Amino acid sequence: MKVLYNEKCPICAFEINQYKNKSEIVFQDCSSMGNKYLRRLHFISESDESKVGLDAFIEIWGQTKGYTRLAKLFSLPVIYHFALAAYEFISFVLFYRYKLSHRRNENL
């Protein structure tokens with residue numbers, strides 16, 4: 001199992017650091033892998049099944065000590081749909097901020 005996340009995003013890095021010592025999942029920085037991986041969290045199972053965004057978080061929570069109830073809660077249909085909308089909005093804003101900051105740094 002592997003998770004691809006943007007380590008250069010302070011919010012993403014903070015979140016992932018909460019899970020690193022509580023699971024058997026391998027966490028890999030994807031900040032240099034291109035835009036496909038930067039905007040959303042990616043979970044890749046041992047059978048190469050890929051889950052993205054909120055579904056990736058649900059997989060992580062389900063396999064991380066102390067977070068399994070959170071996985072069950074966010075899997076409930078009503079909560080899932082609201083959380084998915086919130087995740088998509090937040091991930092877009094963070095991705096946009098990240099791209100803007102990197103553009104500024106390239107122009108310096």
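The values are calculated or read from the model by the stated rules, or taken from the named source; none is laboratory data. Please read these numbers as outputs of a predicted model, since none were measured by experiment. No Cβ is skipped: glycine too gets one built from the backbone with ideal geometry, and neighbour counts run over all protein chains shown.
Side notes on the structure shown:
- Considering residues of segment 38-90 that are in contact with a helix residue (DSSP H, G or I) (Cβ under 7 Å, 6 or more places away or on another chain) and among the β-branched types (V, I, T) only, the residue farthest from I25 (Cα to Cα): I79
To keep it simple, each residue is scored yes or no on (1) in a loop (DSSP other than H, G, I, E, B); (2) surrounded by 13 or more Cβ atoms within 10 Å (Cβ to Cβ); (3) over 15 Å from the mean Cα position of the chain (by Cα).
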residue	(1), (2), (3)
E7	yes, yes, no
A13	no, yes, no
F27	no, yes, no
F43	no, yes, no
F57	no, yes, no
G66	yes, no, yes
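Yes/no per residue for (1) among the polar types (S, T, N, Q); (2) under 19 Å from K8 (Cβ atoms):
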{"residue": "M33", "(1), (2)": "no, yes"}
{"residue": "L38", "(1), (2)": "no, yes"}
{"residue": "S50", "(1), (2)": "yes, no"}
{"residue": "D55", "(1), (2)": "no, no"}
{"residue": "I58", "(1), (2)": "no, no"}
{"residue": "T64", "(1), (2)": "yes, no"}
{"residue": "T68", "(1), (2)": "yes, no"}
{"residue": "A71", "(1), (2)": "no, no"}
{"residue": "S75", "(1), (2)": "yes, no"}
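- Segment 10-47: number of residues that are among the basic types (K, R) and modelled with pLDDT under 90: 3
- On inspection, S50 qualifies as exposed (fewer than 15 other Cβ atoms within 10 Å of the Cβ), of a type in the set (S, T, N, Q) and under 13 Å from the mean Cα position of the chain (by Cα).
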